[in-house]
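Here is the structure we will look at.
The values are calculated or read from the model by the stated rules, or taken from the named source; none is laboratory data. Nothing here was measured: the structure is a model prediction, and the numbers come from that model. As a convention, Cβ positions derive from the backbone with ideal geometry for all residues, glycine included, and neighbour counts pool all protein chains shown. We work out accessible area using only protein heavy atoms, side chains counted, and drop any ligands, DNA or RNA first. Shrake-Rupley method; radii C 1.70, N 1.55, O 1.52, S 1.80 Å.
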Amino acid sequence: MDGLAKVLRKYGFNLYKNYVLTMGEVAHTLDLLAVLTPVTGVNVRLGFVVVDDELNIEKVEKFVTWKQEGNLDKLVVVSLKDVHADAYELAVKFGLGVIVAGRDEVLKLPRISGYIVTHCHPNISIDKALSILENSSRGFLFKKKRNIIGCSLVYLPFIVIKGMVHLYNAETETAEANLVKYTFDGIKGFLIVGDNRTVKVLKDIGSFADINEDALRLLRILAHEGYKPLSDLIMELNLSEQKIKAIATSLTNRSLIDVYADVIELRKDVLKYMFDIKEMLRENNVELHDGEPAGGKESAIVYPLVPIEKFIDFIESLLGRVSEITLLYYPFYIGVLSENNGKTRKFMLIDGVSGENAEGVAELLPYIEEVLSENITS
(Lines give C-alpha, C1' and ligand atoms only; values in the text may rest on other atoms or scores of the structure.)
Protein backbone atom coordinates (compact mmCIF):
# COMPACT_ATOMS: atom_id res chain seq x y z
CA MET A 1 0.00 0.00 0.00
CA ASP A 2 2.86 2.40 0.74
CA GLY A 3 4.30 1.79 -2.71
CA LEU A 4 0.94 2.20 -4.37
CA ALA A 5 0.37 5.41 -2.41
CA LYS A 6 3.60 6.90 -3.79
CA VAL A 7 2.44 6.27 -7.34
CA LEU A 8 -1.03 7.71 -6.73
CA ARG A 9 0.36 10.85 -5.05
CA LYS A 10 2.45 11.46 -8.16
CA TYR A 11 -0.76 11.83 -10.13
CA GLY A 12 -2.34 14.23 -7.65
CA PHE A 13 -4.57 11.90 -5.62
CA ASN A 14 -5.39 12.71 -2.01
CA LEU A 15 -4.92 9.55 0.06
CA TYR A 16 -6.59 8.16 3.17
CA LYS A 17 -5.20 5.00 4.75
CA ASN A 18 -7.47 2.61 6.66
CA TYR A 19 -10.54 4.51 5.48
CA VAL A 20 -13.79 3.37 7.09
CA LEU A 21 -16.83 2.82 4.85
CA THR A 22 -20.04 3.06 6.84
CA MET A 23 -23.00 1.23 5.31
CA GLY A 24 -26.00 1.46 7.57
CA GLU A 25 -24.92 0.05 10.91
CA VAL A 26 -22.02 -1.89 9.40
CA ALA A 27 -18.50 -0.48 8.94
CA HIS A 28 -15.82 -1.83 6.60
CA THR A 29 -12.22 -0.66 6.25
CA LEU A 30 -10.45 0.07 2.97
CA ASP A 31 -6.68 -0.26 3.10
CA LEU A 32 -6.51 2.87 0.97
CA LEU A 33 -8.90 5.44 -0.47
CA ALA A 34 -7.59 7.65 -3.27
CA VAL A 35 -9.54 10.76 -4.26
CA LEU A 36 -8.80 12.95 -7.28
CA THR A 37 -10.57 16.26 -7.99
CA PRO A 38 -9.90 17.01 -11.69
CA VAL A 39 -12.65 19.67 -11.75
CA THR A 40 -14.03 21.67 -8.83
CA GLY A 41 -16.89 19.76 -7.27
CA VAL A 42 -16.09 16.53 -9.13
CA ASN A 43 -14.36 13.71 -7.22
CA VAL A 44 -13.01 10.40 -8.53
CA ARG A 45 -12.92 7.85 -5.69
CA LEU A 46 -10.74 4.73 -5.92
CA GLY A 47 -10.75 2.14 -3.16
CA PHE A 48 -8.04 -0.49 -2.55
CA VAL A 49 -8.37 -3.53 -0.32
CA VAL A 50 -5.81 -6.28 0.33
CA VAL A 51 -6.92 -9.93 0.54
CA ASP A 52 -4.33 -12.10 2.27
CA ASP A 53 -5.81 -15.43 1.16
CA GLU A 54 -7.43 -16.75 -2.03
CA LEU A 55 -9.95 -14.52 -3.78
CA ASN A 56 -13.19 -16.45 -4.29
CA ILE A 57 -16.73 -15.62 -5.44
CA GLU A 58 -17.99 -14.90 -1.91
CA LYS A 59 -15.33 -12.24 -1.37
CA VAL A 60 -15.99 -10.69 -4.77
CA GLU A 61 -19.72 -10.44 -4.02
CA LYS A 62 -18.88 -8.70 -0.75
CA PHE A 63 -16.57 -6.21 -2.46
CA VAL A 64 -19.17 -5.44 -5.15
CA THR A 65 -21.46 -4.32 -2.32
CA TRP A 66 -18.66 -2.16 -0.89
CA LYS A 67 -18.17 -0.50 -4.28
CA GLN A 68 -21.85 0.20 -4.78
CA GLU A 69 -22.81 1.33 -1.30
CA GLY A 70 -19.52 3.10 -0.68
CA ASN A 71 -20.01 5.30 -3.79
CA LEU A 72 -16.66 4.21 -5.23
CA ASP A 73 -15.87 4.74 -8.89
CA LYS A 74 -13.53 1.77 -8.74
CA LEU A 75 -12.61 -0.81 -6.14
CA VAL A 76 -9.33 -2.62 -6.65
CA VAL A 77 -8.69 -5.93 -4.87
CA VAL A 78 -5.02 -6.74 -4.25
CA SER A 79 -4.75 -10.50 -3.74
CA LEU A 80 -1.69 -11.93 -2.02
CA LYS A 81 -2.56 -15.47 -3.20
CA ASP A 82 -4.44 -17.12 -6.05
CA VAL A 83 -7.57 -15.74 -7.70
CA HIS A 84 -10.26 -18.28 -8.62
CA ALA A 85 -11.17 -18.09 -12.31
CA ASP A 86 -14.90 -17.68 -11.63
CA ALA A 87 -14.18 -15.00 -9.03
CA TYR A 88 -12.07 -13.08 -11.54
CA GLU A 89 -14.84 -13.24 -14.17
CA LEU A 90 -17.40 -11.96 -11.67
CA ALA A 91 -15.09 -9.14 -10.56
CA VAL A 92 -14.59 -7.98 -14.15
CA LYS A 93 -18.34 -8.16 -14.80
CA PHE A 94 -19.07 -5.77 -11.93
CA GLY A 95 -16.18 -3.41 -12.57
CA LEU A 96 -13.76 -4.47 -9.84
CA GLY A 97 -10.04 -4.28 -10.47
CA VAL A 98 -7.96 -7.32 -9.51
CA ILE A 99 -4.21 -7.28 -8.88
CA VAL A 100 -2.21 -10.39 -7.97
CA ALA A 101 0.75 -9.32 -5.86
CA GLY A 102 4.03 -10.64 -7.21
CA ARG A 103 2.57 -11.36 -10.65
CA ASP A 104 1.12 -8.10 -11.93
CA GLU A 105 3.75 -5.41 -12.35
CA VAL A 106 1.66 -2.37 -11.54
CA LEU A 107 4.16 -0.35 -9.55
CA LYS A 108 7.02 1.50 -11.20
CA LEU A 109 8.23 3.28 -8.10
CA PRO A 110 10.47 6.33 -8.31
CA ARG A 111 13.63 5.83 -6.32
CA ILE A 112 14.44 8.92 -4.26
CA SER A 113 17.87 8.95 -2.70
CA GLY A 114 17.87 9.66 1.02
CA TYR A 115 14.14 9.15 1.56
CA ILE A 116 13.71 8.89 5.35
CA VAL A 117 10.52 8.39 7.36
CA THR A 118 10.69 9.39 11.01
CA HIS A 119 8.60 10.70 13.88
CA CYS A 120 8.88 12.05 17.40
CA HIS A 121 6.75 11.35 20.46
CA PRO A 122 4.84 14.04 22.32
CA ASN A 123 6.53 15.41 25.44
CA ILE A 124 3.23 16.30 27.06
CA SER A 125 0.32 14.03 27.93
CA ILE A 126 -3.26 14.50 26.79
CA ASP A 127 -4.12 15.54 30.37
CA LYS A 128 -1.51 18.30 30.17
CA ALA A 129 -2.88 19.34 26.78
CA LEU A 130 -6.39 19.52 28.26
CA SER A 131 -5.05 21.68 31.08
CA ILE A 132 -3.44 24.05 28.56
CA LEU A 133 -6.69 24.21 26.60
CA GLU A 134 -8.65 24.92 29.78
CA ASN A 135 -6.33 27.78 30.77
CA SER A 136 -6.38 29.22 27.27
CA SER A 137 -10.17 29.07 27.00
CA ARG A 138 -10.43 31.19 30.17
CA GLY A 139 -7.63 33.59 29.28
CA PHE A 140 -7.58 37.03 27.73
CA LEU A 141 -7.32 35.53 24.25
CA PHE A 142 -11.03 34.75 24.28
CA LYS A 143 -13.77 37.29 24.97
CA LYS A 144 -16.32 34.53 25.45
CA LYS A 145 -16.12 31.48 27.67
CA ARG A 146 -15.43 28.36 25.65
CA ASN A 147 -16.05 24.80 26.74
CA ILE A 148 -13.76 21.93 25.79
CA ILE A 149 -15.74 19.18 24.07
CA GLY A 150 -12.94 17.03 22.65
CA CYS A 151 -9.20 16.53 22.25
CA SER A 152 -7.05 14.19 20.18
CA LEU A 153 -3.41 13.55 19.41
CA VAL A 154 -2.76 13.98 15.68
CA TYR A 155 0.51 13.50 13.80
CA LEU A 156 0.92 15.96 10.92
CA PRO A 157 3.38 15.29 8.08
CA PHE A 158 6.28 17.65 7.41
CA ILE A 159 8.63 17.18 4.47
CA VAL A 160 12.25 18.29 4.94
CA ILE A 161 14.28 18.87 1.80
CA LYS A 162 18.05 19.31 1.83
CA GLY A 163 20.04 20.14 -1.25
CA MET A 164 22.03 22.59 -3.29
CA VAL A 165 20.67 25.33 -5.58
CA HIS A 166 22.50 27.65 -7.97
CA LEU A 167 21.27 31.23 -8.18
CA TYR A 168 22.58 33.92 -10.49
CA ASN A 169 24.88 36.54 -8.92
CA ALA A 170 24.93 39.83 -10.81
CA GLU A 171 28.32 40.83 -9.39
CA THR A 172 30.16 37.71 -10.50
CA GLU A 173 27.81 37.11 -13.47
CA THR A 174 27.66 33.43 -12.57
CA ALA A 175 25.22 31.07 -10.87
CA GLU A 176 26.55 30.50 -7.34
CA ALA A 177 25.93 27.43 -5.21
CA ASN A 178 23.80 27.73 -2.06
CA LEU A 179 23.06 25.00 0.48
CA VAL A 180 19.35 24.91 1.27
CA LYS A 181 17.16 23.27 3.90
CA TYR A 182 13.42 23.68 3.62
CA THR A 183 10.50 22.28 5.57
CA PHE A 184 7.11 21.99 3.84
CA ASP A 185 3.84 20.77 5.25
CA GLY A 186 2.74 17.54 3.61
CA ILE A 187 -0.92 18.51 3.43
CA LYS A 188 -0.92 21.61 1.20
CA GLY A 189 2.75 22.20 0.46
CA PHE A 190 3.19 25.47 2.38
CA LEU A 191 6.58 26.48 3.73
CA ILE A 192 7.12 25.87 7.44
CA VAL A 193 9.33 28.06 9.63
CA GLY A 194 10.16 28.20 13.32
CA ASP A 195 7.90 30.23 15.60
CA ASN A 196 9.34 30.59 19.09
CA ARG A 197 9.14 27.04 20.53
CA THR A 198 6.85 25.69 17.81
CA VAL A 199 6.33 26.12 14.05
CA LYS A 200 4.03 28.05 11.73
CA VAL A 201 2.74 27.82 8.17
CA LEU A 202 3.57 30.54 5.63
CA LYS A 203 0.19 30.31 3.93
CA ASP A 204 0.28 33.85 2.55
CA ILE A 205 3.01 33.03 0.03
CA GLY A 206 1.14 30.03 -1.33
CA SER A 207 1.73 26.35 -1.83
CA PHE A 208 4.99 25.22 -3.38
CA ALA A 209 3.28 22.01 -4.51
CA ASP A 210 1.04 24.07 -6.81
CA ILE A 211 3.83 25.59 -8.93
CA ASN A 212 3.10 24.36 -12.46
CA GLU A 213 5.58 23.23 -15.11
CA ASP A 214 5.55 26.54 -17.02
CA ALA A 215 6.41 28.41 -13.83
CA LEU A 216 9.25 25.98 -13.14
CA ARG A 217 10.60 26.56 -16.65
CA LEU A 218 10.58 30.30 -16.02
CA LEU A 219 12.42 29.83 -12.72
CA ARG A 220 15.11 27.75 -14.46
CA ILE A 221 15.80 30.58 -16.88
CA LEU A 222 16.01 33.19 -14.12
CA ALA A 223 18.19 31.00 -11.89
CA HIS A 224 20.65 30.75 -14.77
CA GLU A 225 20.53 34.35 -16.00
CA GLY A 226 19.20 36.41 -13.10
CA TYR A 227 16.65 38.43 -15.06
CA LYS A 228 14.94 38.48 -18.43
CA PRO A 229 12.85 40.94 -20.44
CA LEU A 230 9.26 39.84 -20.89
CA SER A 231 9.70 39.78 -24.67
CA ASP A 232 12.57 37.26 -24.38
CA LEU A 233 10.55 35.00 -22.08
CA ILE A 234 7.65 34.99 -24.53
CA MET A 235 10.00 33.61 -27.19
CA GLU A 236 11.92 31.15 -25.00
CA LEU A 237 8.89 29.69 -23.25
CA ASN A 238 6.61 29.91 -26.29
CA LEU A 239 3.84 31.33 -24.11
CA SER A 240 1.60 34.37 -24.51
CA GLU A 241 2.30 37.62 -22.71
CA GLN A 242 -0.88 37.17 -20.69
CA LYS A 243 0.17 33.68 -19.60
CA ILE A 244 3.65 34.81 -18.51
CA LYS A 245 2.22 37.74 -16.56
CA ALA A 246 -0.13 35.36 -14.75
CA ILE A 247 2.81 33.07 -13.91
CA ALA A 248 4.83 36.09 -12.77
CA THR A 249 2.05 37.16 -10.41
CA SER A 250 1.94 33.67 -8.89
CA LEU A 251 5.71 33.54 -8.38
CA THR A 252 5.81 37.11 -7.03
CA ASN A 253 3.28 36.14 -4.38
CA ARG A 254 5.64 33.32 -3.34
CA SER A 255 8.54 35.82 -3.01
CA LEU A 256 10.44 34.05 -5.80
CA ILE A 257 10.63 36.84 -8.39
CA ASP A 258 10.23 40.60 -8.83
CA VAL A 259 8.71 42.38 -11.83
CA TYR A 260 10.08 45.77 -12.92
CA ALA A 261 8.07 47.14 -15.86
CA ASP A 262 8.81 44.58 -18.58
CA VAL A 263 11.72 42.87 -16.81
CA ILE A 264 11.33 39.82 -14.56
CA GLU A 265 14.08 39.15 -12.00
CA LEU A 266 14.81 36.29 -9.64
CA ARG A 267 14.46 37.22 -5.98
CA LYS A 268 16.84 35.79 -3.36
CA ASP A 269 14.23 35.91 -0.58
CA VAL A 270 13.69 32.19 -0.96
CA LEU A 271 16.95 31.66 0.93
CA LYS A 272 15.67 33.44 4.04
CA TYR A 273 12.93 30.86 4.57
CA MET A 274 15.35 28.01 5.22
CA PHE A 275 14.34 25.89 8.20
CA ASP A 276 14.96 22.27 9.19
CA ILE A 277 12.40 21.08 11.73
CA LYS A 278 14.63 18.10 12.59
CA GLU A 279 17.40 20.45 13.70
CA MET A 280 14.94 22.33 15.92
CA LEU A 281 13.99 19.06 17.59
CA ARG A 282 17.60 17.96 18.07
CA GLU A 283 18.50 21.34 19.60
CA ASN A 284 15.77 20.70 22.16
CA ASN A 285 17.02 17.15 22.83
CA VAL A 286 13.95 15.53 21.27
CA GLU A 287 14.65 12.01 20.03
CA LEU A 288 13.62 11.01 16.51
CA HIS A 289 12.34 7.48 15.84
CA ASP A 290 12.43 5.52 12.61
CA GLY A 291 9.25 4.94 10.63
CA GLU A 292 5.69 6.09 11.13
CA PRO A 293 4.17 6.59 14.59
CA ALA A 294 2.10 3.70 15.88
CA GLY A 295 -1.22 5.54 15.92
CA GLY A 296 -4.14 3.98 17.77
CA LYS A 297 -7.59 4.73 19.10
CA GLU A 298 -6.52 7.93 20.82
CA SER A 299 -4.36 9.31 18.02
CA ALA A 300 -4.48 9.77 14.26
CA ILE A 301 -1.88 9.97 11.52
CA VAL A 302 -2.42 12.38 8.65
CA TYR A 303 -0.52 11.04 5.66
CA PRO A 304 0.96 13.35 3.00
CA LEU A 305 -1.61 14.67 0.56
CA VAL A 306 0.84 16.33 -1.84
CA PRO A 307 3.42 14.51 -4.00
CA ILE A 308 6.93 14.80 -2.60
CA GLU A 309 8.16 14.94 -6.19
CA LYS A 310 6.69 18.46 -6.44
CA PHE A 311 9.32 19.78 -4.02
CA ILE A 312 12.08 18.00 -5.91
CA ASP A 313 10.87 19.74 -9.09
CA PHE A 314 11.03 23.10 -7.30
CA ILE A 315 14.63 22.57 -6.13
CA GLU A 316 15.69 21.40 -9.59
CA SER A 317 14.09 24.48 -11.18
CA LEU A 318 16.67 26.54 -9.26
CA LEU A 319 19.44 24.57 -10.97
CA GLY A 320 19.62 22.47 -7.85
CA ARG A 321 19.84 18.92 -6.68
CA VAL A 322 18.19 17.26 -3.68
CA SER A 323 20.57 15.37 -1.40
CA GLU A 324 18.13 14.20 1.28
CA ILE A 325 14.38 13.98 1.86
CA THR A 326 12.76 13.32 5.22
CA LEU A 327 9.10 12.73 5.96
CA LEU A 328 8.64 13.67 9.62
CA TYR A 329 5.41 13.04 11.56
CA TYR A 330 5.06 15.71 14.26
CA PRO A 331 2.61 15.43 17.19
CA PHE A 332 -0.07 18.04 17.92
CA TYR A 333 -3.05 17.96 20.24
CA ILE A 334 -6.18 19.28 18.56
CA GLY A 335 -8.77 20.63 20.95
CA VAL A 336 -12.38 21.28 20.02
CA LEU A 337 -14.02 24.12 21.91
CA SER A 338 -17.62 25.31 21.80
CA GLU A 339 -19.21 28.68 22.47
CA ASN A 340 -22.64 30.26 22.09
CA ASN A 341 -24.22 27.35 23.98
CA GLY A 342 -22.62 24.82 21.67
CA LYS A 343 -23.73 26.50 18.44
CA THR A 344 -20.16 27.38 17.37
CA ARG A 345 -17.13 25.11 17.26
CA LYS A 346 -13.54 26.29 17.31
CA PHE A 347 -10.32 24.29 16.96
CA MET A 348 -7.09 24.93 18.82
CA LEU A 349 -3.71 23.28 18.27
CA ILE A 350 -1.20 22.55 21.02
CA ASP A 351 2.35 21.60 20.04
CA GLY A 352 2.79 18.11 21.46
CA VAL A 353 6.53 18.62 21.96
CA SER A 354 6.74 22.11 23.50
CA GLY A 355 3.19 22.58 24.81
CA GLU A 356 2.93 25.93 23.00
CA ASN A 357 -0.22 27.19 21.31
CA ALA A 358 0.48 26.28 17.67
CA GLU A 359 -1.95 28.77 16.14
CA GLY A 360 0.43 29.21 13.18
CA VAL A 361 -0.31 25.63 12.11
CA ALA A 362 -4.08 26.00 12.46
CA GLU A 363 -4.14 27.07 8.80
CA LEU A 364 -3.98 23.35 7.95
CA LEU A 365 -7.08 22.34 9.89
CA PRO A 366 -9.64 22.96 7.11
CA TYR A 367 -7.79 20.45 4.93
CA ILE A 368 -7.95 17.59 7.43
CA GLU A 369 -11.52 17.93 8.70
CA GLU A 370 -12.32 14.32 7.78
CA VAL A 371 -9.50 13.08 10.01
CA LEU A 372 -10.60 15.40 12.80
CA SER A 373 -14.23 14.28 12.73
CA GLU A 374 -13.25 10.62 13.01
CA ASN A 375 -10.59 10.92 15.71
CA ILE A 376 -11.56 13.66 18.15
CA THR A 377 -12.39 11.96 21.42
CA SER A 378 -14.25 13.43 24.37
Subject >> Which of Tyr182, Tyr19 is most accessible, then next, and so on - probe 1.4 Å >> reply: Tyr19, Tyr182
Original post:
How many nm is it between the label spots at Glu58 and Asn43, if each spot is 7 Å from the Cα in line with the beta carbon?
Top reply: 3.3 nm
Original post:
So how strong a dipole does the chain carry about its Cα centre when Lys and Arg Cβ are +1 and Asp and Glu Cβ are -1, to the nearest 20 debye?
Top reply: 940 debye
Original post:
Which semi-axes, in whole Å and largest first, does the equivalent ellipsoid of the stretch 168-320 have when worked out from the alpha carbon gyration tensor as the square roots of 5 times its eigenvalues?
Top reply: 34, 18, 13
Original post:
In sequence order, what are the phi-derived ³J(HN,Hα) couplings for the stretch 182-193 according to the Karplus relation 6.51 cos²θ - 1.76 cosθ + 1.60 with θ = phi - 60°, rounded to whole Hz, with x for glycine and proline?
Top reply: 10, 10, 10, 7, x, 9, 10, x, 7, 5, 10, 10
**OP:** Lys and Arg at +1, Asp and Glu at -1: add these up for the other residues within a Cβ distance under 12 Å of Ala223 and post the number.
**Re:** +1
Original post:
What number, rounded to the nearest 500 deg cm²/dmol, is the helix-based mean residue ellipticity at 222 nm of the chain, given -39500 (n - 2.57) per DSSP H run of at least four residues and division by all its residues?
Top reply: -8000 deg cm²/dmol
Original post:
Which shape class, rounded, prolate or oblate, goes with the chain when its Cα gyration tensor gives a ≥ b ≥ c as root eigenvalues, a/c under 1.5 marks rounded, and past that a/b bigger than b/c marks prolate?
Top reply: oblate
Original post:
Would you list Arg282, Arg9, Arg267 from the most to the least accessible area, probe 1.4 Å?
Top reply: Arg282, Arg267, Arg9
**OP:** Compare Lys228, Lys62, Lys297 by solvent-accessible area with a 1.4 Å probe and give them largest first, with all protein chains kept in place.
**Re:** Lys297, Lys62, Lys228
Original post:
How big is the shadow of the Cα convex hull of the stretch 293-359, averaged over all directions, in nm²?
Top reply: 7.5 nm²
Original post:
Quick one: Cα centre-to-centre distance for the stretch 24-50 and the stretch 178-228, in angstrom?
Top reply: 30 Å
**OP:** At 1.4 Å probe size, with no ligands or nucleic acids counted, give the accessible surface of Glu173 in Å², nearest ten.
**Re:** 130 Å²
Original post:
At Lys272 and Asn147, where each label point lies 7 Å from the Cα along Cα→Cβ, what is the point-to-point distance in nanometres?
Top reply: 4.7 nm
Original post:
Considering the dipole of the chain built from charges on the beta carbon (Lys and Arg +1, Asp and Glu -1) around the Cα centre, which of Thr344, Phe275, Tyr182 is farthest to its positive end?
Top reply: Thr344
Subject >> Förster radius 30 Å - calculated FRET efficiency between Asn285 and Leu130, Cβ distance, rounded to 0.05 >> reply: 0.75
Original post:
Shape call for the stretch 1-73 from the C-alpha gyration tensor, a ≥ b ≥ c root eigenvalues: rounded (a/c under 1.5), prolate (a/b greater than b/c) or oblate?
Top reply: oblate
Original post:
Within the stretch 15-42, whose backbone N sits under 14 Å from a point 7 Å along Cα→Cβ of Lys243?
Top reply: none
Original post:
When the Karplus curve 6.51 cos²θ - 1.76 cosθ + 1.60 is applied with θ = phi - 60°, which whole-Hz ³J(HN,Hα) does each residue of the stretch 149-161 get, with x for Gly and Pro?
Top reply: 10, x, 7, 8, 7, 10, 9, 9, x, 10, 10, 9, 10
